[in-house]
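Chemist: Please read through the structure below; I'll follow up with questions.
The values are calculated or read from the model by the stated rules, or taken from the named source; none is laboratory data. Nothing here was measured: the structure is a model prediction, and the numbers come from that model. Here the Cβ is made from the backbone with ideal geometry for all residues, glycine too, and neighbour counts use every protein chain on show. All accessible areas refer to the heavy atoms of the entire protein, side chains included, with ligands and DNA or RNA removed. Shrake-Rupley method; radii C 1.70, N 1.55, O 1.52, S 1.80 Å.
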Amino acid sequence: MDYKQIVAEDLSAQLSEHLTTEEIYNLLEKPKNEEHGDLAFPTFQLAKVFRKNPAEIASDISGDFSSEIVSSVNVVGPYLNFYLDKGEVSAEVLGEIISKKQHYGNSDVGAGKNIPLDMSSPNIAKPMSMGHLRSTVIGNALANIVEKLGYEPIKINYLGDWGTQFGRLITAYKLWGEEEKVRANPIAELNELYVRFHEELEEEPELESVGREWFRKLEAGDEEATELWRWFREESLNEFHTIYERLGITFDSMDGESFFNDKMDEVVDILIEKELLVEDQGAQVVRLDQYDLQPALIKKQDGATLYITRDIAAALYRKRTYDFEQALYVVGQDQIYHFNQLKAVLRTMGYDWEEDIHHVIFGLISIDGAKMSTRRGKVVLLEDVLNEAVERALTQINEKNPNLANKEEVAEKVGVGAVVFHDLQHDRRNDFNFNLDDIVQFEGETGPYVQYTRARALSILKKANVDADYFKDNNKFSLTDDYSWSIVKLIQSFNGVLARAHREFEPSIVAKHALSVAQAFNKFYANVRVLDDNPEKDSRLALVYAVALMLEEDLRILGVQAPDEM
RNA sequence: GUACCUGUAGCUCAGCAGGAUAGAGCAUUCGCCUUCUAAGCGAACGGUCGGGGGUUCGAAUCCCUCCAGGUACGCCA
């Protein structure tokens with residue numbers, strides 16, 4: 001139920017001559033200070049039409065207010081402050097979440113519409129870094145968000161399994177590689193070869209053309225090149241898989257860049273047919289002057305294709321295959337220019353659906369102020385961070401809850417959860433400097449704090465010996481104290497949270513919701529006794545249950561697992 | 001040089017289509033475990049919202065400009 005709408009309609013009865021219900025709805029705001037009520041209506045804008053000062057208008061309107069859901073209306077200067085009926089609203093909100101459980105907040109606005117998400121995209125033969133974590137968890141959370149809104153998310157792991165780099169890697173392997181070493185430790189060994197290639201390149205610039213030649217062969221289907229490439233890819237995927245498993249993330253498609261190798265001729269053909277492809281300095285380009293962009297390089301001098309060529313092919317393929325409503329590309333902000341070019345090329349090709357392509361940018365992670373770079377060996381490996389986080393979580397458990405059963409399992413959830421939550425709680429555009437102590441933090445606004453709050457809630461339910469069935473036959477849980485009321489309002493706001501998170505492609509809005517619910521519950525917990533015998537015990541238990549459901553759903557959307565005890 | 005992103009408390013950040021005294025967390029100091037998990041709760045301390053103009057009844061929020069940091073700008077992805 002949308003209480004704002006009800007209040008807006010009621011106000012509209014008096015103001016319809018001057019403002020539409022929708023305008024009133026948009027003017028209604030949530031007061032920053034809870035003492036100012038649950039909804040506020042500022043009257044400044046009416047001052048001109050009424051030819052009165054705002055404060056006077058406010059007191060004039062307040063008299064004729066009739067909505068049942070509103071318990072009182074206070075006039076404070078130019079503001080009309082509405083106080084909702086806590087008993088009524090809490091009964092309704094708690095009843096709804098308890099009956100819907102994990103379906104609370106679901107809607108069907110996106111029914112029948114597809115949203116492919118280009119995400120994660122690790123590079124074959126390179127270790128997954130913290131940067132890949134961002135793309136992976138942001139993409140995963142967005143997929144969960146749009147799914148709640150009824151859309152069909154298609155999580156595509158656009159693997160970096162093609163490109164000139166493989167020519168280099170093959171060159172390096174043939175020069176210095178050993179099969180046994182690669183088999184024993186594939187990614188580490190291959191990455192070392194790749195780094196060595198770039199080191200030796202300083203001394204021997206001609207290596208570059210050897211690398212290019214190998215990639216050309218690979219594109220042409222040369223047997224030896226293909227065999228090596230396939231092997232590198234397979235070994236790498238095995239290693240990636242263990243990390244995805246730890247993160248609890250699956251994909252609907254593993255169509256990486258190589259998948260489009262045989263689909264690029266078509267792109268070139270279409271560009272030629274539309275007379276968009278021109279030669280420039282020996283390369284084939286599409287001019288984008290009308291968009292104030294540099295030309296997009298479609299084919300290099302040696303005829304090999306480039307990143308954008310594959311992305312054009314991928315976009316065409318995805319449009320045909322999924323007929324998407326939106327296509328999200330969860331890729332770092334350093335590729336803004338590339339996506340501007342991509343969209344511009346699609347536009348010049350006459351595809352107006354390029355408007356549905358959204359580059360969901362995220363900020364870059366630096367180390368001591370410098371950008372991460374695999375080539376220079378300057379990376380923070382995701383696996384190391386996860387392991388360290390889990391280890392610290394285990395230490396914490398031994399200290400705080402030494403009798404806990406299955407400590408390792410809980411430590412895994414808490415440690416990994418801390419890392420994932422940390423990545424999702426801030427505006428995705430923020431750059432940040434890598435700091436392990438910040439990431440593996442368990443107190444305050446953190447993932448473990450939310451997990452812990454949920455565990456406390458579950459603990460109460462366990463002590464009270466109640467489960468979901470307990471609440472089945474009783475739909476009237478009514479609470480009027482301020483601690484409960486804060487929680488009820490937050491639960492009620494969940495629909496808006498989801499809508500906004502989708503509109504802005506911003507998982508942090510969900511993370512902040514989780515934190516707010518946890519904070520409100522911990523205040524409640526410190527001030528309100530649930531298990532004592534009193535008339536409100538059942539309603540309080542219902543609230544505790546609702547909080548557990550809400551936190552679990554927030555965390556699930558974010559891709560954070562929640563242990564029942566910790 | 002051009003474009004985009006960012007600039008709010010010592011640190012990390014909120015502040016959602018402008019609205020009532022600018023909010024959290026961390027750190028520091030001090031309280032609260034004979035009560036449902038103290039990974040918690042409370043209090044104190046801490047800010048010329050990068051600077052300057054402008055629009056507005058009202059600007060951290062919108063516009064202009066300057067400053068600082070980051071990123072990207074044809075044969076990497």
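Chemist: Say R0 is 30 Å: what FRET efficiency, to the nearest 0.05, do A:N106 and A:T21 get from their beta-carbon distance?
Modeler: Numbers: r = 26 Å, r/R0 = 0.87.
Using R0 = 30 Å, I get an efficiency of 0.70.
Chemist: Compute, for the range A:450-526, the length of the dipole vector about the Cα centre, with Cβ point charges of +1 (Lys, Arg) and -1 (Asp, Glu) only. Units Debye, rounded to 20.
Modeler: In total the dipole reaches around 120 debye.
Chemist: Would you mind checking the pairs A:K4/A:K489; A:K155/A:K263; A:K4/A:K472; A:K407/A:K512; A:K32/A:K512 and listing those with alpha carbons more than 24 angstrom apart?
Modeler: Result: A:K4/A:K472; A:K407/A:K512 exceed 24 Å.
Chemist: Tell me, how many Å apart are the Cα centres for the range A:208-258 and for the range A:392-444?
Modeler: The two parts, judged by their Cα centres, are 32 Å apart.
Chemist: Roughly how tilted is helix A:407-424, in degrees to the nearest 10 and between 0 and 90, from the longest Cα axis of chain A?
Modeler: 90 degrees
Chemist: Can you tell me, using C-alpha contacts under 8 Å and at least 6 residues apart, the relative contact order of chain A as a whole percent?
Modeler: 16 percent
Chemist: Show which aspartates and glutamates lie in cross-link reach of A:K274 when reach means a straight Cα distance below 16 angstrom and same-chain residues fewer than eight apart are skipped.
Modeler: Reachable aspartates and glutamates: A:D265, A:E266, A:D352.
Chemist: What is the extension gain from A:D481 to A:E355, computed as 0.36 nm multiplied by their sequence separation minus the C-alpha to C-alpha distance, in nm to one decimal?
Modeler: That works out to 40.6 nm of additional length.
Chemist: Once both labels are modelled 7 Å past Cα along the beta-carbon direction, what's the A:I6-A:M372 spacing in nm?
Modeler: If labels sit at A:I6 and A:M372, their model points lie 4.8 nm apart.
Chemist: Moving on to the next point. Mind giving me the FRET efficiency for A:K217 and A:E96? R0 is 60 Å, r the Cβ-Cβ distance, nearest 0.05 is fine.
Modeler: 0.45
Chemist: Starting from the Cα-Cα distance between A:K523 and A:K462, subtract it from 0.36 nm times their residue separation and give me the gain in nm to one decimal. Present the calculation step by step, with values, prior to reporting the outcome.
Modeler: Numbers: separation 61, 0.36 × 61 = 21.96 nm, distance 2.01 nm.
Fully extending the segment from A:K523 to A:K462 adds 19.9 nm.
Chemist: While we're on this one: In degrees from 0 to 90, rounded to the nearest 10, what is the angle of the helix A:207-220 Cα long axis to the longest principal axis of chain A?
Modeler: Here the helix axis deviates by roughly 80 degrees.
Chemist: For helix A:223-247, report the angle its Cα long axis makes with the longest principal axis of the Cα atoms of chain A; keep it between 0 and 90° and round to the nearest 10°.
Modeler: 20 degrees
Chemist: Still on this structure: DSSP beta bridges in chain A, what fraction antiparallel, as a percent rounded to 5?
Modeler: Just about 60 percent of them are antiparallel.
Chemist: Seen from all sides and averaged, what is the projected area of the convex hull of the Cα atoms in the range A:155-201, in nm²? Write down the numbers at each step before the final one.
Modeler: On the way: hull surface 15.6 nm².
Mean orientational projected area (the range A:155-201, Cα hull): 3.9 nm².
Chemist: Right, something else. Compute the length gained on full extension between A:E275 and A:K113: take 0.36 nm times their separation in residues and subtract their Cα-Cα distance, giving the result in nm to one decimal.
Modeler: 55.0 nm
Chemist: In whole Å, what are the extents of the range A:437-512 along the principal axes defined by its C-alpha atoms, from largest to smallest?
Modeler: Ordered largest first, the range A:437-512 gives principal extents of 41, 31, 25 Å.
Chemist: Right, next: Taking 7 Å along the Cα-to-C-beta vector as the label spot, tell me the A:E504-A:E399 distance in nanometres, rounded to one decimal.
Modeler: 3.4 nm
Chemist: If you count only protein heavy atoms with a 1.4 Å probe, what accessible area per residue comes out for chain A, rounded to a whole Å²?
Modeler: 46 Å²
Chemist: May I have the convex hull volume per residue, in Å³, for the Cα set of chain A?
Modeler: Hull volume over Cα atoms, normalised by residue count, gives 192 Å³.
Chemist: Another question about this same structure. Which lysines does A:K371 reach when only Cα atoms under 18 Å apart count, and residues fewer than 8 places away in its own chain are ignored?
Modeler: Straight-line reach from A:K371, under 18 Å: A:K126.
Chemist: Could you check how many percent of all C-alpha pairs in the range A:66-209 are farther apart than 28 Å?
Modeler: 56 percent
Chemist: Enumerate by residue number the GluC sites (Glu not before Pro) in the range A:14-101 meeting two conditions: DSSP loop (anything except H, G, I, E, B), and at most 10 other Cβ atoms within 10 Å of the site's Cβ. Walk me through the intermediate numbers first.
Modeler: Numbers: sites: A:E17, A:E22, A:E23, A:E29, A:E34, A:E35, A:E56, A:E68, A:E88, A:E92, A:E96; in loops: A:E17, A:E68.
Hits after loop and neighbour filter: A:E17, A:E68.
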